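The values are calculated or read from the model by the stated rules, or taken from the named source; none is laboratory data. Since the model is a prediction, treat every value here as computed from it, not as a measurement. Methodologically, a virtual Cβ is constructed for each residue, glycine included, from the backbone with ideal geometry; neighbour enumeration extends over all protein chains shown.
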Amino acid sequence: MDEAKKDSTLGGRAPRKLPKGVTVVDVDVHANETPTALVPYCEMPWRKSLEVISAIPYRNLDMPCFSPQMSIWTPPFPQGAGERRYAVTSAAQMRKDLDELSVDIGIIFPDNFLYLAALRDASYAVALARAYNRWLTDEWLGEDNGLKGALIAPPHNPVLAAEEIRRYAGHKNIVAIYLPSCCVEPLYGNRCYDPVYEVAQETGLPVMLHSVTAVFPAFPFNLNCFTTSFSAHILSHGLSMISNLFSMMETGVPARFPKLKIGFSEAGFAWVPWVMMRMDKEYQERRRELPYLTAPPSAYVRKMFFATQPIEEPENMGDLATLLSLFGGQDSVMFASDWPHHDFDHPNKILQIPVSPEVQRKLLGENAMRFLRLKEPVS
C-alpha cells in the first residue's frame, strides 16, 4: 500500500513496515448479525420474534429485544473516521478490510450479541445464540481465508451452552468460546458455569470474556451515575473484566480447571499489574477464603491472555513496554483491533511500543497463535 495514499475506509493510516516474517492475528473483529440474517437459522417459535424485530428500523448495536444497549450517554464523536462503515455484513467484506489493515487472521465476535447476557428470557437467548452459531459457521467460516470464529456460549443455560460447544468443537474454523460479559449475572466464577469450563478444557478451546458498555441496572458499579460516555466507557470494560476475574479466583476456576485457557478482550491491559499485586496482597491475609488456589493469584493470571484493544495511549509509549514487563505480557498480550467499531486500533499501535522485533512478533500474532492453536497461514 502506498504510504502517502489516503484510504477513506481506514482513515489514511497505512501500515508501517512490519517485522520480517510477522503474522498478524487480530483477536477481536465484529460481524454484524441482524434479526433478518438470523431468521433462517432460528428455531420456532423464536423465529417469529425475529421476523417481528426485523421490521424495526436498524439501530447500531441497540435494537429492542435483540441487543438492548440501554445507553444513557451521548454517542461518541470519533476523530478522523471519515465516511467509513461501522458494520461488516459479509465474509468477503471482512477479508477485504483485514487485508487493508495488514491482518492475516481475524477472530470474529458478534456485534449485537455483545449484549446477549442482558436478555432475560433464557430460552429466547439460547435460541438466538444457536442461530448465531449456525449463521457464523455457515456464512462466515466456510472458507480457509484467515477468518476464524468465537462460538457463543449463552450464559443463561450453561448445560445447553456446553452442548453447543461440543457440537461445533470440531469445526476447522471455530477457535474460541465467547463468554458474553456485559450484564452477565451471576459472574463467571459461579459454579453454574462449570459445565462450560469442563467442555472447554476437554476440547482445548479457550474461553474469551468480552464486554461492552451498558447499564443493567447499574453495571458495573453504578455506571448510571455518570453523565458522560467518557467515564462510562473507561470503567465498564475494565471493571467488567476485573469483576469476573475476581469471581473466577474466588471459586478457584483456574485451579480447578488447570488446562482451561482464559482470555480477556476489549479492556486493554494496564489494569493487569494492579490486579495481580492487589490480589497477592489480599491472598497473604485471606488465603483461607481461597482454598482451591495452590499458588498466589498472580501465578494464575500470568497464564491468562489479554487483548490490546482499546490500547492505552500514554504520552511516553515506553510506559506500555514497562507495563508489559510487570506481568510477563510479552508472552500473553495479543493484538486486537475491534474492527469496525468507532474506536478500533490499527496494528501500527503495536509498532509504536518500544520493544524488540521479537516481542513485536509475539504481540502481533505469535501469542494469539499459541493461545488459539492456530497454524501459520499459507502464503
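Of everything in region 88-102, what is of a type in the set (A, V, I, L, M, F, W, C) and in contact with a Leu (Cβ under 9 Å, 6 or more places away or on another chain)? Give them in sequence order. Can you show your working first?
Step one: list which residues in region 88-102 are of a type in the set (A, V, I, L, M, F, W, C), which gives 88, 91-92, 94, 98, 101.
Across region 88-102, the qualifying residues are ALA91, MET94, LEU98, LEU101.
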Of the conditions (1) touching a Ser or Thr at 6+ places or on another chain (Cβ under 9 Å); (2) over 20 Å from ALA368 (Cα atoms); (3) at pLDDT 95 or above, LYS281 clears all except one; give me its number. (1)
What number of residues within region 298-315 are assigned to a loop (DSSP other than H, G, I, E, B) and of a type in the set (A, V, I, L, M, F, W, C)? 2
Of all residues in region 40-65, count the ones that are of a type outside the set (A, V, I, L, M, F, W, C), within 19 Å of PHE216 (Cβ to Cβ) and either at pLDDT 95 or above or surrounded by 11 or more Cβ atoms within 10 Å (Cβ to Cβ) (or both). 3
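Inspect region 137-149 for any residue being touching an Asp or Glu at 6+ places or on another chain (Cβ under 9 Å) and of a type outside the set (Gly, Ala, Ser) and give the result as yes or no.
If we filter region 137-149 for residues that are touching an Asp or Glu at 6+ places or on another chain (Cβ under 9 Å), which is where we start, we get 146.
Restricting the remaining residues to those that are of a type outside the set (Gly, Ala, Ser) gives none.
Checked against the condition, which is being touching an Asp or Glu at 6+ places or on another chain (Cβ under 9 Å) and of a type outside the set (Gly, Ala, Ser), region 137-149 yields no hits at all.
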Checked region 299-317 for anything closer than 16 Å to MET241 by Cβ and of a type outside the set (D, E, K, R); matches are TYR300, VAL301, MET304, PHE305, PHE306, ALA307, THR308, GLN309, PRO310, ILE311
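Condition check ((1) under 29 Å from ASN32 (Cα atoms); (2) among the polar types (S, T, N, Q); (3) in contact (Cβ under 8 Å) with a residue 60 or more places away in the chain) across all residues:
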{"site": "ALA321", "(1), (2), (3)": "no, no, no"}
{"site": "PHE327", "(1), (2), (3)": "no, no, no"}
{"site": "PHE335", "(1), (2), (3)": "yes, no, yes"}
{"site": "ASP338", "(1), (2), (3)": "yes, no, yes"}
{"site": "HIS341", "(1), (2), (3)": "yes, no, yes"}
{"site": "ASP345", "(1), (2), (3)": "yes, no, no"}
{"site": "ASN348", "(1), (2), (3)": "yes, yes, yes"}
{"site": "SER356", "(1), (2), (3)": "no, yes, no"}
Anything in region 236-258 that is surrounded by fewer than 17 Cβ atoms within 10 Å (Cβ to Cβ) and under 20 Å from the mean Cα position of the chain (by Cα)? List them, or say none. PHE246
Take PHE226 and decide whether it is surrounded by fewer than 20 Cβ atoms within 10 Å (Cβ to Cβ) and at pLDDT below 95. yes
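So which of LEU324, LEU351, LEU364 is of a type in the set (A, V, I, L, M), at negative phi and modelled with pLDDT under 95?
Values: LEU324 fails: modelled with pLDDT under 95; LEU364 fails: modelled with pLDDT under 95.
Step by step, each of LEU324, LEU351, LEU364 is checked, and only LEU351 is of a type in the set (A, V, I, L, M), at negative phi and modelled with pLDDT under 95.
Okay, residues lined up against (1) at pLDDT 95 or above; (2) more than 23 Å from ASN222 (Cα to Cα); (3) touching a Pro at 6+ places or on another chain (Cβ under 6 Å):
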residue	(1), (2), (3)
SER67	no, no, no
PRO78	no, yes, no
ALA87	no, yes, no
PHE109	yes, yes, no
SER123	yes, yes, no
VAL126	yes, yes, yes
ASN133	yes, yes, no
THR137	yes, yes, no
TRP140	yes, yes, no
If I filter region 316-330 for residues that are assigned to a loop (DSSP other than H, G, I, E, B) and either of a type in the set (Asp, Glu) or surrounded by 23 or more Cβ atoms within 10 Å (Cβ to Cβ) (or both), do I get at least one hit? no
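State whether one or more residues within region 237-248 are in contact (Cβ under 8 Å) with a residue 60 or more places away in the chain, assigned to a strand (DSSP E or B) and among the small types (Gly, Ala, Ser).
Kept after step one, since they are in contact (Cβ under 8 Å) with a residue 60 or more places away in the chain, are these residues of region 237-248: 237, 241, 244, 247-248.
Now drop any that are not assigned to a strand (DSSP E or B), which leaves none.
Looking for residues that are in contact (Cβ under 8 Å) with a residue 60 or more places away in the chain, assigned to a strand (DSSP E or B) and among the small types (Gly, Ala, Ser), one finds none in region 237-248, hence no.
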Pairs returned, first residue in region 22-44 that is more than 30 Å from PRO347 (Cβ to Cβ), second residue that is among the basic types (Lys, Arg), beta-carbon separation under 8 angstrom, 6 or more apart or interchain, are VAL39/ARG47; TYR41/ARG130; TYR41/ARG134; CYS42/ARG130; GLU43/ARG130
Looking only at region 274-297, how many residues end up being crowded, with 19+ Cβ neighbours inside 10 Å and assigned to a helix (DSSP H, G or I)? 4
Which numbered condition ALA218 misses (of (1) surrounded by 14 or more Cβ atoms within 10 Å (Cβ to Cβ); (2) in contact with a helix residue (DSSP H, G or I) (Cβ under 9 Å, 6 or more places away or on another chain); (3) within 30 Å of TYR115 (Cβ to Cβ); (4) small (Gly, Ala, Ser)): (1)
